[in-house]
Amino acid sequence: MSLLSEITERRSIRKYKSDPLTDEQLLELITAACLAPSGSNEQPWDFIIVKSKEMKEKICQADHNQRWMLQAPVFIVCVGKSSYRKDGSMERTIRDSSIAITHLLLQASHMGLGTCWTGWYEQEEMKSLLGLGDGDHVTGVITVGYADENPSARPRRKINIKTIS
């Protein structure tokens, strides 16, 4: 399968099987994320793996009480760290940590895992829940597991390319 095929087939999954993930699978996902490009190679991110039912419940409540999230065996929280950047730019931190999440999502798809990138939370509430500081930004909470659904492709806008010669 070509990478474009995997990108085309990737879906946001909101129904998961109860099968657990191994520590090796989680390490592979985080490794893929950490190989993402970043401005000046500053890699301004950390990842929090959440398996605890109690903490997943709290995160779910903070994430607009999206109850479907609780089906996923694991949450991976991506934390952008502006303190890892020489210029302290939060905008660039969010950009770079978003690229890392995309790598994680594509690696999960390649491994036959389902994911959904969630972000329907108040930043300060989520940071407080996770014990994060002022220079931190929760870029996303990613649910991960084996998909128990196969959603159809969502429509895409027509490709619009402008060439400047």
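The values are calculated or read from the model by the stated rules, or taken from the named source; none is laboratory data. Computed from a predicted structure; not experimentally measured. So basically every Cβ, Gly included, is an ideal-geometry build from the backbone, and we count neighbours across all protein chains shown. Accessible surface is based on the protein model in full, side chains and every heavy atom, while ligands, DNA and RNA are left aside. Shrake-Rupley method; radii C 1.70, N 1.55, O 1.52, S 1.80 Å.
Counting only DSSP beta bridges with both residues in the chain, tell me the antiparallel percent, nearest 5. Mind showing how you got there, number by number?
Details: 20 of 21 bridges.
Percentage antiparallel, nearest 5: 95.
Counted by Cβ distance under 14 Å from Ala62, the other residues give a net charge of -2, where Lys and Arg count +1 and Asp and Glu count -1. Protein heavy-atom accessible surface, 1.4 Å probe, per residue over the chain: 60 Å². Computed extension length for Glu149-Ser12: 48.3 nm, one decimal, from 0.36 nm per residue of separation with the Cα-Cα distance subtracted. In the chain, the portion of solvent-accessible area held by carbon and sulfur atoms comes to 50 percent [1.4 Å probe, whole percent, DNA, RNA and ligands not counted]. Taking segment 39-148 as the region of interest, the number of lysine pairs whose Cα atoms are within less than 28 Å, with members eight or more places apart or on different chains, is 10. Applying the criteria of a DSSP loop state and at most 16 other Cβ atoms within 10 Å to the trypsin sites (Lys or Arg not before Pro) of segment 85-131 yields Lys86. Summed over qualifying helices (DSSP H, 4 residues or more, each -39500 (n - 2.57)) and divided by its residue number, the chain shows a 222 nm mean residue ellipticity of -11000 deg cm²/dmol. Derived scalar couplings between HN and Hα for segment 41-50 equal 6, 7, 6, x, 8, 9, 10, 10, 8, 10 Hz in order, rounded to whole Hz, by the Karplus curve 6.51 cos²θ - 1.76 cosθ + 1.60 (θ = phi - 60°), x for Gly and Pro. Computed 3J(HN,Hα) for segment 149-161, one whole-Hz value per residue from the Karplus formula 6.51 cos²θ - 1.76 cosθ + 1.60 where θ = phi - 60°, is 7, 9, x, 6, 5, 8, x, 10, 5, 4, 5, 10, 10, glycine and proline marked x.
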